[in-house]
1. May I ask for the angle, rounded to the nearest 10°, between helix D:212-223 and the longest principal axis of chain D, with both axes built from Cα atoms and the value confined to 0 to 90°?
2. Under 17 Å from a label point 7 Å along Cα→Cβ of D:Thr227: give me every residue in the range D:294-315 with its amide N that close.
3. Could you pull out the pairs from A:Lys251/B:Lys126; B:Lys113/B:Lys228; B:Lys179/C:Lys319 whose alpha carbons sit more than 27 Å apart here?
4. So if we plug the beta-carbon distance of A:Arg4 and A:Ala88 into 1/(1 + (r/R0)^6) with R0 = 41 Å, what FRET efficiency do we get, rounded to 0.05?
5. If you average the alpha carbon positions of the range B:272-294 and of the range C:293-321, how far apart do those two centres end up, in angstrom?
6. If each of C:Glu70 and A:Asp338 carries a label point 7 Å out from its Cα toward its Cβ, how far apart are those two points in nm?
7. Pairing the Cα long axis of helix C:133-142 with the longest principal axis of chain C, what angle in degrees results, from 0 to 90 and rounded to the nearest 10?
8. What are the nm distances, shortest first, from B:Lys141 to its equivalents in the other copies, labels at 7 Å along Cα→Cβ?
4 protein chains.
Amino acid sequence: MAKRIPVAILGASGYTGAELVRLLSNHPHAEIISLAAETNAGKEMAEVYPHLRALDLPRIVALPEVKWNEIQAVFCCLPHGASQEIIAQLPRNVRIIDLSADFRIYDSATYEKWYGHPHMALGLQKEAVYGLSEIYRAAIKNARLVANPGCYPTSALLPLVPLMNSGKISLDGIIIDAKSGVTGAGRKALQENLFAEINEDVRAYSVGGHRHVAEIEQTLSATALGTKVMVTFTPQVVPMNRGILSTIYLKMVPGVAATELREILELQYENEPFVKIMPPGHAPSTREVRGANHCFINVFEDRAPGRAIIVSVIDNLVKGASGQAVQNFNIMFGFPEDTGLNQVAVFP
Amino acid sequence: MAKRIPVAILGASGYTGAELVRLLSNHPHAEIISLAAETNAGKEMAEVYPHLRALDLPRIVALPEVKWNEIQAVFCCLPHGASQEIIAQLPRNVRIIDLSADFRIYDSATYEKWYGHPHMALGLQKEAVYGLSEIYRAAIKNARLVANPGCYPTSALLPLVPLMNSGKISLDGIIIDAKSGVTGAGRKALQENLFAEINEDVRAYSVGGHRHVAEIEQTLSATALGTKVMVTFTPQVVPMNRGILSTIYLKMVPGVAATELREILELQYENEPFVKIMPPGHAPSTREVRGANHCFINVFEDRAPGRAIIVSVIDNLVKGASGQAVQNFNIMFGFPEDTGLNQVAVFP
Amino acid sequence: MAKRIPVAILGASGYTGAELVRLLSNHPHAEIISLAAETNAGKEMAEVYPHLRALDLPRIVALPEVKWNEIQAVFCCLPHGASQEIIAQLPRNVRIIDLSADFRIYDSATYEKWYGHPHMALGLQKEAVYGLSEIYRAAIKNARLVANPGCYPTSALLPLVPLMNSGKISLDGIIIDAKSGVTGAGRKALQENLFAEINEDVRAYSVGGHRHVAEIEQTLSATALGTKVMVTFTPQVVPMNRGILSTIYLKMVPGVAATELREILELQYENEPFVKIMPPGHAPSTREVRGANHCFINVFEDRAPGRAIIVSVIDNLVKGASGQAVQNFNIMFGFPEDTGLNQVAVFP
Amino acid sequence: MAKRIPVAILGASGYTGAELVRLLSNHPHAEIISLAAETNAGKEMAEVYPHLRALDLPRIVALPEVKWNEIQAVFCCLPHGASQEIIAQLPRNVRIIDLSADFRIYDSATYEKWYGHPHMALGLQKEAVYGLSEIYRAAIKNARLVANPGCYPTSALLPLVPLMNSGKISLDGIIIDAKSGVTGAGRKALQENLFAEINEDVRAYSVGGHRHVAEIEQTLSATALGTKVMVTFTPQVVPMNRGILSTIYLKMVPGVAATELREILELQYENEPFVKIMPPGHAPSTREVRGANHCFINVFEDRAPGRAIIVSVIDNLVKGASGQAVQNFNIMFGFPEDTGLNQVAVFP
């Protein structure tokens, strides 16, 4: 039998924790040794998530009860803020994939501005590698601490980074209009996320200033070799559980056609198992990636001259969170990148 | 008892026809004399729409059976193309509110380009008044033929026309990213609109070139006193029955702040019963206008300097179709504009 | 102008409170003088329910601030338990429609068994009239305190009471399998009612013992002239906001056919504005009554000899709560029973 | 590498065909050699089902083009009626799992009564084995032709067969009230299944007489050793894609308690990978089995003496169709029964 890496999931009782259990339970080289959570410590996972009842899982424990000497890798699904404190205390030999925002922002002032408090593990922050798998896999491979990207940034950066690298698009005036299912908000009991409030509704939130722009702009600015890139980003919630569709509006460098952008992306991702460029004219939609680790992308010529429109879709809980986390785990431990991630999208 | 205008609804078996029945059944000055439809002629309305069973309605007849001598006003809900042929044959004393796109475009070449066939009632096309009630009510008042606006254009033009009039926004680079419920596609049995295909999905369509841009650009260009305005418009379908949320991205003239735009709109609409500017910071959502003839709007400052973001919501079947049609009927016949339109939004 | 009864709504920030505002805002003989609530006291109603923004409503006050000397009728939407304490303190000249369960059960032991605490207003409990409008309108007319029925009981009792009165159905073996939208659970922030938990799910709850059986059995037993009737009742939540569909399984007295049951109901309700018996073979569904005060019913012959199946649908927030409350208000104050209740169902 | 059985899927462009592709694409011992369909012949599967784009699949061919000499097993997803004609012509060495209703009913008169036409492959009908895996696996093992059960019957029979075998429940008065997602109706473009018609609706259909009762009664009567069992069955559509929840009302033999029924089921299924009896008091819901081949069951004591209530949930496309088909394939070819079926439920 294949060797299995013993792993822990911290914050196992949130949606991304449960999704990690779903994905890892079919992973031939990972074994879930510990599930830890705060409020649900002491419970069976099946009490918290009845859909996992048929699996043989360890009982949920409190964080201090995790036996770190048995663990080689940890998926950290704790809330922003809590994550950095816990991670700072982990043994140095444990490799970490952090799904919170805590180690995504390299500049501590920027972190503090968007997250409202000073960073409490500045040393680690420097060490963290931004885990956008297809773009940074070389650095991820050797990282001890991977900051798993946010869901919105993943959907936007996978098309934008190669295009910016190509020099064919304008650095300014990029607009990202994103539509997300409601699981992005987590399992916390909030009135605004009750079924009766979300159903038959579309709403925009954090208009003109959502935290995820920090992450997007940091990556795009780095891609632009230091030129500060600023984007307009509007997140919207639509009545579905899973999925993000980002519609991205771009200006092209004079003389460039949208078909060229499509070709650049096709070339960039032609051997990738998870990122697929659609045939010309087909606009991907979120149902096509539901439950799978895919990002489906296409590029369209706008009627307005010199402008292009990109449509990019992911499942926010998979490629936008737990799936990309497993992909990073595979990179870090030298497994083929799609190990345990061959789930076909669940449609209808 | 108040005098009632005898009206006919052509194309009564589509969603906008049924919605007109809902609205007019509580209108004190309209009486539905004829319901006409092609495939459902001969049926009771309750067979086609069981939710209307408790109403006392005439049986559906075929179009040639409508007794035009009894009718003073007609709501025409026929498909694009069919509408112009029928309307060309109506008696001159019948006043018409056409919910199709047939008389919205003044330029026949533009019509032909977007709708794929030459216009067959060019004379009437000149006579038609574009029925965006709050903007063109003076012309609507005396019109024989009102071209009721499309749902997407209504949501976009109500904020954009006054802002363009103000001279505070740039004429170029306007981007309208719209999210619509599925009733905009009508009741035709299409595989792509089955529940299992729409549920848990967000999809973009006609990316880079949807017919409604013709209508939007015609109105904005007229507002700009002839300068040709071009917009970027992306429609998207989200899993809900009713509602459109348009997110509009604008550049402001240098030195203008987004708060000024908000004030312009507030001033423009302060006495309007149906268009409401939200308090600063509140992003309206579609559930707030579900079933009502409202358009709720707000303006936000973008982080990118000199840019503003507008969020505008309507119910596509009410203010985006049948409600605005009744509003235009009220204008044409001299009734207070909100007569029969005092439905409160149905939430949750 | 018509005289308007000054009314108060206690518990205005719940779903049934907001629905009362929607219905009463178009009622020609009611005027909302006070909106009271606990946690939202001090706020504008539009802050709590943005869909009511276009209405001119009083600011929400705390319960002690209601000026009772100005009020003639109160709609009480407080939680079970809280209701009885507040109502016991109201001035005797105020007439009360209580939407909680507090005064529905006449037997104090039965109340205590199902609601877990002794009743604290036993005197009033005797005085209360069960507000199933079509059945008890004579008593409702003169009542000071009307106990508005539960949503499940309304959907089940409207068909069952006349059938039991007819002597054509067996008193035992009645099974009510009910499917409800999620607004029946109120607006409280509960994890189990988050969108992502309810969407794409059907769940049964309180299987074998839901509180509403007390109310159903009390009414059926009274109808059976004291013979104790016991029913099987299973409530289920389906992913929609509004609506209850009750499927009721009956045994008929030997020799009776299901068509006879249908005729009994047709005769019983032929002049009722809100209760409609469907044409033979048509199974009503919840979309047909969405937003309206209707109860649509039909009776079907089962294949199993001697058995019939009834399908009964209501909107839980209208005929199942606030609509029936307004209907009872109309009965109590001598207005035509459908005053302010002519909303047509909102479909699609 | 493990030996793979070459398989064909006929009717590949329906939902059950696409679901078979999803499940078989991760099956180590099956290889999809042919995908056949009528209307979509000539297309890539990704054109018909974009969510399958990342898979390497054969192009869809017309039925006559399938190379039967290369095929050892066929999954037949053709419509009722068409299936029997095609299957009658297949080579004798090909083993067949038929997902239609064509070979589920052994009595040809019963078939003709419910399906409206004489059976056209009577010889094969006798040969067919009813593929309720957990109950008939011994016969399935050696069958050439397996009639895969209907979705409603699967959810009802898995609890009912062992209970009937136990002699603890009454043979008469069984009532099955089932709630289904809309995919059970297939992908055909029907107005009644449009999103806007299904959303915010619950509807009953075929009340008092749905085809699936034939299948349920045949199996229960066989279990009752020939005593003719008659059931009451009401199917209902709820607004979700996948899932069936069956609420089953039973009378117990005098002296029996519901806990005994639960124990019987627990004993019956204790070693089964897919059928799970829930802990006492937990009512399973459809989200717990979404996308997985599970059937989750529990038994409840009713308040009415001597009565029990069973709640049983499956995913109609998995255990109710394609998943059980793969399970039967595993049984027929001697693979462990859960091969390729270890998908964890996708929640939320």
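1. The helix D:212-223 is inclined about 60 degrees to chain D.
2. Once the point is set 7 Å along Cα→Cβ of D:Thr227, D:307-308 turn out to lie under 17 Å by backbone N, inside the range D:294-315.
3. Checking Cα-Cα distances, A:Lys251/B:Lys126; B:Lys179/C:Lys319 exceed 27 Å.
4. Once the sixth-power term is evaluated, E becomes 0.90.
5. 37 Å
6. 7.0 nm
7. 40 degrees
8. 5.1, 7.6, 8.9
A short reminder: the numbers here are calculations on the coordinates, not readings from a lab. What you see is a predicted model; the values in this text were computed from it and never measured. Using ideal geometry, Cβ is built from the backbone for each residue, glycine included, and neighbour counts are taken over all protein chains shown.
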